[in-house]
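Scroll down for the structure; my scribbles are underneath it.
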Amino acid sequence: MTDLTAGKAKCLLPVANLPLLWYPLHMLQCNGFTEAIVVVQDSAKTEVLRIPERHGLTIRLEVVGVPGQEELGTADSLRRVGDRLTGSDILIVSGDLILEGEGLRGLTDMHRLNRAAFTALLSKPQQFSEPVVVPGAKSTKYKRERDLVGLAGDKLCLFTAEADVEEVVRLRTKVLAAHPRITIHSGLQDGHMYLIKKWIADYVIADKNISTIKGELLPVLVKKQFSSGKRVGSTADRKSTRL
């Protein structure tokens, strides 16, 4: 989105006359959250701090700046605020997530019901009745990167990038012994909302080789669960996956 973000941070772009970041903050407030930590570029800190007052929110913000044009993955952002994370469960929400309905409530309920270590929101891609014009150079062809998500009922047994698979999807014998019927989905996308136990956050903070949650952390956790006895799972259309 560089054509749109050249002069303004993405989280401040207007959507229905409200800054994009207002939507996840409003969602958190409606679900009982009273404070949140927001990681943004230094240049956007002042304007982000003014969002609650300007747009009728009561949630308190602690805004942490990222210097210059440094690009941080979700895990990198988590590491930057690691000393501020004190709860037993950490909710991570992307600044561009617009979610209606009971998505967050369902995520937290599933996380607690199953005593999960890691829960993530997945959804089917948005379908449009007409072609959508996107900003950017028209000569550039964008190919969406897809993930392969393996589900056995409500158990998450596989999570890997499609690009990392050549011709055959390989699963460990131990996985197939526990779940002989697994469906592989390629049409689910990451909602960039995660609920994790504190020890998962501590693991990410300690391992500086992990930069992203979906691409680097989640595949490792899905594999490790079968050697440690931890469980994962998912619901139907808007899927919450858990460890």
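Numerical summary
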{"quantity": "Residues located in region 109-120, provided they are over 14 Å from Gly191 (Cβ atoms) and open to solvent by 20 Å² or more (accessible area, probe 1.4 Å)", "calculated": "Asp109, Arg112, Leu113, Asn114, Arg115"}
{"quantity": "First in region 111-124 and part of a loop (DSSP other than H, G, I, E, B), second anywhere and hydrophobic (A, V, I, L, M, F, W, C) and modelled with pLDDT of 90 or more, Cβ under 8 Å, 6 or more apart", "calculated": "Ala116/Leu195; Ala117/Ile196; Ala117/Trp199; Ala117/Ile200"}
{"quantity": "Residue within region 5-12 that is on the phi < 0 side of the Ramachandran plot and part of a strand (DSSP E or B) present", "calculated": "no"}
{"quantity": "Tally of residues being outside any loop (DSSP other than H, G, I, E, B) and either among the aliphatic types (A, V, I, L, M) or closer than 18 Å to Ala116 by Cβ (or both) across region 167-213", "calculated": "23"}
{"quantity": "Test: Cys30 is free of Cβ contacts under 8 Å to residues at least 24 places away in the same chain, more than 22 Å from Ile210 (Cα to Cα) and surrounded by 11 or more Cβ atoms within 10 Å (Cβ to Cβ)", "calculated": "yes"}
{"quantity": "Scan of region 155-177 for residues that are open to solvent by 60 Å² or more (accessible area, probe 1.4 Å) and touching a helix residue (DSSP H, G or I) at 6+ places or on another chain (Cβ under 9 Å), ordered by number", "calculated": "Asp164, Arg172, Lys174"}
{"quantity": "The lone exception for Ala44 - which of (1) among the hydrophobic types (A, V, I, L, M, F, W, C); (2) over 30 Å from Gly106 (Cβ atoms); (3) open to solvent by 80 Å² or more (accessible area, probe 1.4 Å) it fails", "calculated": "(3)"}
{"quantity": "Residues that are in contact (Cβ under 8 Å) with a residue 12 or more places away in the chain and either among the acidic types (Asp, Glu) or closer than 15 Å to Arg146 by Cβ (or both), drawn from region 159-179", "calculated": "Phe159, Thr160, Ala161, Glu162, Ala163, Val165, Val169"}
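The values are calculated or read from the model by the stated rules, or taken from the named source; none is laboratory data. Keep in mind that this is a model prediction, so the values were computed, not measured. Reconstructed Cβ throughout: ideal geometry from the backbone, glycine too, with neighbour counts over all protein chains shown. Accessible surface is based on the protein model in full, side chains and every heavy atom, while ligands, DNA and RNA are left aside. Shrake-Rupley method; radii C 1.70, N 1.55, O 1.52, S 1.80 Å.
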